[in-house]
1. So, R0 is 45 Å and r is the distance between the beta-carbons of B:S131 and A:T47; what FRET efficiency does that work out to, to 0.05?
2. Of the options B:V236, A:G78, A:F18, report the single residue whose Cα projects farthest towards the positive end of the charge dipole of the protein assembly as shown (beta-carbon charges: Lys, Arg +1; Asp, Glu -1).
3. Relative contact order of the stretch B:288-354, please, whole-number percent, based on alpha carbon pairs below 8 angstrom and at least 6 residues apart.
4. Between B:L345 and B:L8, what length comes free when the chain is fully extended (0.36 nm per residue of separation minus the Cα-Cα distance, one decimal in nm)?
5. Suppose every Lys and Arg Cβ carries +1 and every Asp and Glu Cβ carries -1, with no other charges. What dipole size does chain A come out with about its Cα centre, to the nearest 20 debye?
6. Could you state the number of Å between the C-alpha centres of the stretch B:273-313 and the stretch B:407-424?
7. How much length would be gained if the chain were fully extended between B:L279 and B:T94, taking 0.36 nm per residue of separation minus their Cα-Cα distance, in nm to one decimal?
8. How many angstrom separate the Cα center of the stretch B:131-166 from the Cα center of the stretch A:46-115?
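FYI, it's all coordinate maths here, none of it is from the lab. Given the structure is predicted, the values throughout are model-derived calculations rather than measurements. Positions of Cβ are backbone-derived with ideal geometry, glycine not excepted, and every protein chain shown enters the neighbour counts.
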Amino acid sequence: METKTQKILPERAWSKRFSFRESIYLWEILRGLGITMRHLLRNILRTREMPTLQYPEEHRQYSARFRGRHRLVPREDGSPRCVACMMCSTVCPADCIHIVAAEHPDPSIEKYPAVFDIDLLRCVYCGLCEEACPCDAIRMDTGIYEIAADSREKFYVNKEFLLTNDADGTL
Amino acid sequence: MPLLIETLLKIVFMLLVILGLVPPLIWAERKGSAFIQDRTGPNRAGILGIRLAGLIHPVADVLKLLFKEDIRPANAQPILYSLAPFLLMAVALTTFAVVPFGDYLEVAGQRIPLIVADLNVGILYVLAIASLGTYGIVLGGWSSNNKFSFLGAVRSSAQMISYEISLGLALMGLLLVFSSLRLTDIVAGQGQLIWGFLPKWGVVVQPVGFVLFLTAMFAETNRNPFDLPEGESEIVAGFHLEYSSMKFALFFMAEYANMVVAAMLITTLFFGGYQIPWLPRSVLEAHAGLLLPLLLACTALACGWISQLYFRRAQQERGKFHDARDREPGLLGGLFVVVALAALLALALRPWAIGPVGASVFATLVQVSAFLVKVVFFSWLFIWVRWTLPRFRYDQLMRLGWKVMLPLGLANMAVTALVVALIPGAKG
């Protein structure tokens, strides 16, 4: 098939794209000024309806299923429910969960985590650990997303921290 | 000697107006642009919780800039590099000399004209001084020894050459109509009425000239759509790229001072300066006894209403921040109550019985306020346009300057000349 190519000079293209009213600018500039003034007046008169959140004072409400910082669910005696099966650390795509298993004194429980560390800087908050866990021991239901610390080491949180996960976002 | 003091006082007044308008304009730029783009804008900086919707931010900015290190690039031209921002600022603060900001003030039987220098070639002076402003930008850009700065300087000079012609031509029609280069004559001429009801403002008799002048003024002040010398998306920051600390602040302030001066020129040349349409000075003086109490009553009512709004907000937002900011609406409401009470107190002083001297002063004050209101509006127009229009491409800028504005300016001048020559009474 043969396509007919015609060279359109810049000036021609200009006159083709714009009507006369548009090409004299003024009317369109006034319309533009009207649009910006409308936004300005609306936001002056209804400042409170603006979508911006004044962040430190106001917080966005996330859904209950929001995946925040992890926590370890305790048993009634306060020890973690985790049985150190390594499912979570295996499924973790970011490889951020480090578990060392040890034998539990109670013979009805096979193992317990001697070490359960999460590197929050590596974590991608995908939630696969929650889904993989066979005994609902790790959850991401704290709703904490303001995670800040002044050194890398502090983001490497251990078992005790994850068991007593308080609402304060800082580490 | 009294003339010297008189002139000095007038200079101080104008400088206070121009420099005093700079921080509010910076605030208007930031807050206005935010609201235009559906953002909240600055609202954090405050002194003891008083934030004034972000009006404290310019203060914080200035403090920051004052304490910043003043860096000079190693290969910059030391003298020109330091001179450039001062040059730009000096030019911005020189133009106002020929702008009348009021008719006259009658003090002790003497009539003081409210203009610093009533030159008979006022418009020529404006054009001459305004074009000097380019030197600040060109020298700043060139002496920085930076490629982007240099590009900004080159752009500025090319733009200035292209648009200064249109600027001059736009004023030619005005000169033909009012047949004077003296700005006081032009303002006085704009106090008349055409056919008894239309104010003879420059914008009414020279609409094309006004559009050309406004456009050229935007180009002169390097404001968006014509801020190519700065062009931050293309040449980083253009001519002031290498500047830091207070030298940068001077460039920044000069931009806003230039805006105020441009607004003063637009007001004076095309919007009747201090004239209020249908309210000439004689009427103001004759009815001062009625107008002054009316004005005071309106002020008291308005301030009372605003204070009520603030008090209601103070109640609604009690304990919102848990710090000094919680007190702000209540304090501002109290301030407006004080102003309202002051206005009421002034009403108790029997303002309807002011004598002829008081009436004259009152008329002068009203006219100066009218001038300032117009200036503030046109300063706002510069900001408003900036957040409405995108920047021109360079070839578009040149095409508009040489192929649209120059022929239009010439045609406008020719038509005006014909009308003035053929129709008797068209000349004012």
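1. With R0 = 45 Å, the Cβ-Cβ based efficiency is 0.60.
2. Checking the options against the dipole of the protein assembly as shown, the answer is A:F18.
3. Working: 63 pairs, mean separation 35.8, N = 67.
RCO, the stretch B:288-354: 53 percent.
4. 118.0 nm
5. On the way: 24 positive and 25 negative charges, 361 e Å.
My answer is approximately 1740 debye.
6. One Cα centre to the other: 41 Å.
7. Working: separation 185, 0.36 × 185 = 66.60 nm, distance 3.08 nm.
In short, 63.5 nm is gained.
8. When both Cα centres are located, 60 Å separates them.
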